[in-house]
Amino acid sequence: MRAWTRLAPVVAAGLAAALLVPLMDAQADEAGPVTVVTSTFEDGTTGGWVPRGAEVLSHSTTVAHGGTGSLAIAGRTRTWEGPVLDVLGTFDKGVRYTISVWVRLATGSDSARLSVERRTGGTASYDQVVGNTALTAGAWVNLTGTYTLATDVEYLTVYVETASGFGDLHLDDVTISYVPDTPIQTDIPSVKDVVAEFPVGAAITPAALLGEHGKLLAKHFDSITPGNALKWDATEPAEGTFRFADADAMVTFAKAHGQAVRGHTLVWHNQTPAWVFLDANGNAMTATPENKALLLARLEAHIRGVAGHYGADIPVWDVVNEVIDESQSDGYRRSRWYEITGLDYIRTAFRVTREVLPNAKLFINDYNTNVPAKRDKLHALVALLKSEGVPVDGVGHQMHVNIDWPSTAETEAMITTFVPLGVEQQITEMDVSIYTGNGESFPAPPADRLLKVAYKYRDLFALYRRYATEITSVTVWGLADDDTWLDTFPVTRKDAPLLFDTRLQAKDAYWGVVDPSKIGTTTPAPTPTGGATAGACAVTYRVTGQWQGGFQGDVKITNTSAAALSSWTLGWNFTAGQQLSQLWGGTGSQSGTTVTVRNASWNGTLAPGASTGAGFLASWTGTNPAPSAFTLNGTACTSA
Ligand code: XIL
């Protein structure tokens, strides 16, 4: 789920009235979002919302975000009590919905989050749509996130809850919409046919099997890696209770489409439930012989349960993941596994997996294996394990890389280093970030970065293919840019690291793999923030008041194109150290120097020639120059 940092909007009535021209009744253009739920609470009812527990919901005219009505939530005695909307008959599987709500806390302070509860066969699951977002008394705060239902359910609701308190809430201006899938391109070569030297895979989340996503997955890839569905927290959330529904669906899909499945992962320090490391008395394990025996027994039972469930259906496993830490002189990551068992967890994991699956290929998988220090520590561990007779068949190189790093030469050295060990090598998690540092953030991927992504794919795939005798499969960590873990790791910002864009269309990166002579021939996807089409724009930026350390400003945006916009994202850079602190007329965030402002629920639609805007408070030191350039939905604007 994408979760942009949000600043509490401040309703500055006078300024807002002068600046903002909401166009309430303009129609979305054809490619734009389809709205399936609107709750404005202007009709005197609670709009179908019900309480989650014993709290009381009523229609209110005391406060409103827009218009005069809202929904009041009072008498809460538990944090999870809040307004609930039934969306069972509304949401279709495989469709990515954008959910936007406005929440107001009456008194005190707290945080609110937006979630989905779904039930299948009586078992409830809770999915976070927007994480905890700060609330302050009397201020309307927007929560916007996206959600895709991937399983059959008999119960499905959207709800708001708080993090810590039971304060009275108001809810208003709820919209739920989706952008219809663009059909995939069927007239372009399949990646798996062009790259015939080894299977090419994609890591996936459950929704990737459905609709156009499923068609894209089947057309281009001959291998699937469940991105999370085989991890310990997914498969054995409680001791001895195994859950395989998500991964089973992926294996079924793979079989139906003649695809292989890579198993990821049996042992890791992340996404492992807390119970695994509790001792016989329920306390955190310390490094004792008893705890070591208990932990290794749990490890063995887990592997027998998971690898045994799939048998020959999953013939290659990342048995252990990320066990190297090159900053340790011995190179061994100080995980709970290592602290309690030393290297025995690795030995046990490989031995047991081999016993369960005598014919499977067993991998040790890690990231940054191109970095010489890490590469050499991994090499030393594999050499040690092999000398002991531990059944390691292969080394997995994750290859989470970026546009500038690593070089082809360094990547080649990574491959050649492991050749003397006689192990297979696989590229297991490749993606190419458009960012080279944590301080960068773009509202939409700039064209030059997308080209660099394409060149990186071109160069690294060419290298992998030259080493096809060593490299036995290459997997990219995601199907398309609408669902990439890099949107929230290591910081929240839109990334574009894969072969297909947010509308599932082939990017230059795809051509980098398939036919580099065609790099530069694709049209970048429009902004990923809700289906708006990019258009020409004009922006006026004003500083309306300035004092020591602070200033107030506003921006006016005019859609100078011939097409209506259905949502907008404005971007600029504060290059002199200015820092946005509050914003109204939209939601604002700043990452590094990059400011990103997205429309509010009521001013996203902009007809040709229409204007809207936002106001803000920010801090400054030294100088306070106006930004020199703006982008609207990823397109450069003229400023005035
Ligand atoms: C990532 C998943 O893609 C995310 O959805 C999840 O929140 C965190 O893990 N290295 C790995 C993968 O080995 O398991 C990680 O997958 C990405 C980094």
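For the reader, a short list of remarks on this structure follows.
- Extreme residue, farthest from the ligand (Cβ to nearest atom), among residues of the stretch 234-267 that are within 15 Å of residue 301 (Cα to Cα) and of a type in the set (A, V, I, L, M): 238
- From the list 515, 487, 459, the lone residue that is out of contact with any Cys (no Cβ under 6 Å at 6 or more places or on another chain) and closer than 30 Å to residue 630 by Cβ is 487.
- Some residue of the stretch 459-479 being out of contact with any Gly (no Cβ under 9 Å at 6 or more places or on another chain) and within 16 Å of the ligand (Cβ to nearest atom): yes
- Only one entry in 334, 347, 354 is open to solvent by 10 Å² or more (accessible area, probe 1.4 Å) and free of Cβ contacts under 8 Å to residues at least 12 places away in the same chain, namely 334.
- Residues of the stretch 250-269 satisfying the condition of being open to solvent by 50 Å² or more (accessible area, probe 1.4 Å) and either among the basic types (Lys, Arg) or touching a residue at least 12 places away in the same chain (Cβ under 8 Å) (or both): 255, 257, 258, 269
- Residues in the stretch 619-630 that are open to solvent by less than 40 Å² (accessible area, probe 1.4 Å) and under 29 Å from the mean Cα position of the chain (by Cα): 630 only.
- Pairing residues of the stretch 365-385 that are open to solvent by less than 40 Å² (accessible area, probe 1.4 Å) and assigned to a loop (DSSP other than H, G, I, E, B) with residues that are within 15 Å of the ligand (Cβ to nearest atom) and of a type in the set (A, V, I, L, M, F, W, C), at Cβ distances under 9 Å and at least 6 apart in sequence or on separate chains, gives 369/324; 369/378; 369/395; 369/399; 370/399; 370/401.
- The set of residues in the stretch 496-513 being surrounded by 23 or more Cβ atoms within 10 Å (Cβ to Cβ) and among the aromatic types (Phe, Trp, Tyr) consists of 500, 510.
- Flag for residue 520 being surrounded by 18 or more Cβ atoms within 10 Å (Cβ to Cβ) and either on the phi > 0 side of the Ramachandran plot or not in a loop (DSSP other than H, G, I, E, B) (or both): no
- Hits in the stretch 480-495 - residues which are open to solvent by less than 10 Å² (accessible area, probe 1.4 Å), within 13 Å of the ligand (Cβ to nearest atom) and out of contact with any strand residue (DSSP E or B) (no Cβ under 7 Å at 6 or more places or on another chain): 487
- Residues of the stretch 313-320 include at least one that is surrounded by fewer than 21 Cβ atoms within 10 Å (Cβ to Cβ), more than 13 Å from the ligand (Cβ to nearest atom) and not assigned by TED's automatic domain parsing to the domain that holds residue 94.
- Some residue of the stretch 295-308 being over 30 Å from residue 193 (Cβ atoms) and within 16 Å of the ligand (Cβ to nearest atom): yes
The values are calculated or read from the model by the stated rules, or taken from the named source; none is laboratory data. Computed from a prediction, not measured in an experiment: that's the story for all the values here. Don't worry about glycine lacking a Cβ; one is built from the backbone with ideal geometry, like all the others, and counts go over all protein chains shown. Accessible surface is based on the protein model in full, side chains and every heavy atom, while ligands, DNA and RNA are left aside. Shrake-Rupley method; radii C 1.70, N 1.55, O 1.52, S 1.80 Å.
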